[in-house]
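A quick write-up on the structure given underneath.
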Amino acid sequence: MRLGFRALATAAVGALFALSMTGVAAAPANAVGLPPCGLTCDDPLPPAPAGCSSAATGGTLALTLPDKNGVNRPFRLFVPSGLSGAAPLVVALHGGQDNPTHFETATGWTTVAQSKKFIVAYPQGGKNDGAADKWAWEFSASNPANDVPFLRSLVHAIGDDYCVNPKRVHFIGHSNGGQMTSRMACSASDLVASAAVWAGPSGAWDANDCPTTRKLSFGVMLNDNDPIVWQIVAEQHRDLWRTKDSCGATPASETGTAVVKGERYSCASGTQVLYRLYHTTDDATKAHLWPTPGSAAATDVNNRMWSLLNANPLP
């Protein structure tokens, strides 16, 4: 089943999600259908289908996909030029009180995707967080409204139309999006190859709340003066993955632009856990934000995340 992203491209570019006067999601012109696996997609992503596209989108498409509540959830999709064969897919999750359009601009990951030749998607969280353009993620595994099914369906929807390498589906996230990234790594380790977060706490209460089916490489990064996610919180997230991956006790040291402390743990099954503490700004009111795209620090963060992801596909 083809979803027809390419047929929608002209109508989709620049389109935004809208609500009807009753608050019920209207089906916009840029809506796409569900993948063959439907609303849950419990299986791993299959190999790229015959006839899948590697064609560039020529900019970022603004599209929607139905979730399990029948709401047309927005996501942005960028396919770079120059792809040959099945490409990696990075799913980038915005933080709380944010949205895909702003997150794309604030992180610079579309530029990274063009340079490194991977597809990137920016979906919207399912929980309104205070205003029409402010959204968050429901990451708790015990909450029936959690966003795991939607994100699994999204990956399958993209993979049904575009040539996605099923061993190279990766997640990144910021803040609350980091919690959701952590939850996806915990609850969808058959789908998620590896993951990394900026200023993202754990999406699991403990190792028992993180039912991975295999070892999985994970990176945790933040500023040393972040007033929202403290270092001890980030270290707890790091240590969750050290436990899950049966890592060695002593890390290798890493350096980089604005890096205060860099740790790389070698773990079971060839996985890695990465922890990088930065000082990208003296202004604590900006320390929780993703480093400004184009800055040396942002380049270091994005490139180190990508190198971790790229080196750690699904086995």
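The values are calculated or read from the model by the stated rules, or taken from the named source; none is laboratory data. Small disclaimer: the values here were computed from a predicted structure and weren't measured. All Cβ positions, even for glycine, are placed from backbone atoms using ideal geometry, and neighbour counts span all protein chains on display. When the accessible area is computed, the model is the full protein with side chains, heavy atoms only, and any ligands, DNA or RNA have been set aside. Shrake-Rupley method; radii C 1.70, N 1.55, O 1.52, S 1.80 Å.
Some observations on this one:
- Within the span defined as segment 10-25, one or more residues are modelled with pLDDT under 50, of a type outside the set (Phe, Trp, Tyr) and within 30 Å of LEU314 (Cβ to Cβ).
- Within segment 205-234, the set of residues being open to solvent by 60 Å² or more (accessible area, probe 1.4 Å), among the hydroxyl-bearing types (Ser, Thr, Tyr) and in contact with a Cys (Cβ under 7 Å, 6 or more places away or on another chain) is empty.
- Residue ranges of strands (runs of 3 or more DSSP E) in segment 81-190 with at least 3 members touching a residue at least 60 places away in the same chain (Cβ under 8 Å): 87-93, 164-174
- Within segment 150-179, the set of residues being open to solvent by less than 30 Å² (accessible area, probe 1.4 Å) and over 21 Å from PHE118 (Cα atoms) comprises PHE150, SER175, ASN176.
- One residue alone among LEU89, LEU83 is out of contact with any helix residue (DSSP H, G or I) (no Cβ under 7 Å at 6 or more places or on another chain) and closer than 23 Å to LEU309 by Cα, and that residue is LEU83.
- Criterion (closer than 26 Å to ASN312 by Cα, touching a Ser or Thr at 6+ places or on another chain (Cβ under 8 Å) and at pLDDT 95 or above) met by exactly one of VAL112, VAL79, VAL90: VAL79
- Selection within segment 277-315 - over 17 Å from the mean Cα position of the chain (by Cα), more than 25 Å from GLN97 (Cα to Cα) and either of a type in the set (A, V, I, L, M) or open to solvent by less than 40 Å² (accessible area, probe 1.4 Å) (or both): ALA296, ASP300
- Selection from segment 143-188 of residues that are farther than 21 Å from ASN312 by Cβ, among the charged types (D, E, K, R) and within 14 Å of the chain's Cα centre (by Cα): ASP147
- Residue, nearest to SER202 (Cα to Cα), within segment 239-264, restricted to residues that are out of contact with any Asp or Glu (no Cβ under 8 Å at 6 or more places or on another chain) and surrounded by 19 or more Cβ atoms within 10 Å (Cβ to Cβ): TRP241
- Qualifying residues in segment 62-73 (those that are within 17 Å of the chain's Cα centre (by Cα) and of a type outside the set (Gly, Ala, Ser)) - the one farthest from CYS41 (Cα to Cα): LEU63
- Subset tally (residues that are modelled with pLDDT of 95 or more, part of a loop (DSSP other than H, G, I, E, B) and out of contact with any Lys or Arg (no Cβ under 9 Å at 6 or more places or on another chain)) for segment 58-76: 2
- The set of residues in segment 232-253 that are in contact with a helix residue (DSSP H, G or I) (Cβ under 8 Å, 6 or more places away or on another chain) and over 16 Å from VAL197 (Cβ atoms) comprises THR243, SER246, CYS247.
- Checking each residue in segment 29-57 for being touching a Phe, Trp or Tyr at 6+ places or on another chain (Cβ under 8 Å) and outside any loop (DSSP other than H, G, I, E, B) picks out only SER53.
- Residue match in segment 68-83 (condition: closer than 23 Å to CYS163 by Cβ, of a type in the set (Gly, Ala, Ser) and surrounded by fewer than 15 Cβ atoms within 10 Å (Cβ to Cβ)): yes
- Odd one out for GLU104 among (1) within 12 Å of the chain's Cα centre (by Cα); (2) open to solvent by less than 10 Å² (accessible area, probe 1.4 Å): (2)
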